[in-house]
Amino acid sequence: MAEQDGKISNGGGEPLDEEAAWAAIVAGYGAEPPDPPGAKPFKPIEDLLLPEPPDEEPEAPKPAQEPKPPLGSSIVFAPGVGAGPRDHSLPEPSDDADDADDDGAHFVQPDPALPEADTTAKFAWLAVVGGPVLLLLAVLLQWDMTWWLTTLGVGGFLGGFATLVARMRGDDEDGDDDPGRGAVV
């Protein structure tokens, strides 16, 4: 497209008048454009609850008319509403041990047994948790922050943390023979 003296050529030979185009835009500012052919006119919000007016003349009333469903009863909000994955329930397990349809749904996994903690680990955890709790309690109750209270709180935390880290088991008992371990079957 070439511009010459305020006129723009559209490539078809006939130049467009830019000034006339801008004048048409300014003259139409604020006016609503016409509806496209075949479009239904916009209905304001107040008229949305009313049924659509019939396009043709009303027929004579029939003596046995079917009752109309309430407005909005035919609206489908989402496919499958009413029964979803959260509504699924498992079939009740049967008492028969030879039932082929029973897929083991009656099995309840027992809680795993936790290993017993030794005394050193218990005191280390007590120091890690108890040190900051002691300092917090001293601040909340407005105790004098003496040297022994600070040493007990901070030292208990650091000592307990160091004990727990030192006692961690290393999985490198074999050394670096098999780095990354890969898949162990």
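Every read-out reported here was derived from the displayed coordinates using simple, explicitly stated rules and does not represent laboratory data. Just so it is clear, the structure is predicted and the values come from calculations on it, not from any experiment. As a convention, Cβ positions derive from the backbone with ideal geometry for all residues, glycine included, and neighbour counts pool all protein chains shown.
What to note about this one:
- Once backbone amide H atoms are built at 1.01 Å from N, L16 has I8, S9, N10 as its partners under 5 Å, excluding neighbours fewer than 5 places away on the same chain.
- Using θ = phi - 60° in the Karplus curve 6.51 cos²θ - 1.76 cosθ + 1.60, the 3J(HN,Hα) couplings for the stretch 122-134 round to 5, 5, 5, 5, 4, 6, 5, 8, x, x, x, 5, 5 Hz; x is entered for Gly and Pro.
- Protection proxy ranking for 119-128, 31-40, 135-144, using the average of other Cβ atoms within 10 Å per residue and placing the highest first: 119-128, 135-144, 31-40.
- As a calculated quantity, the FRET efficiency between T151 and E116 at R0 = 35 Å, using C-beta atoms, amounts to about 0.65.
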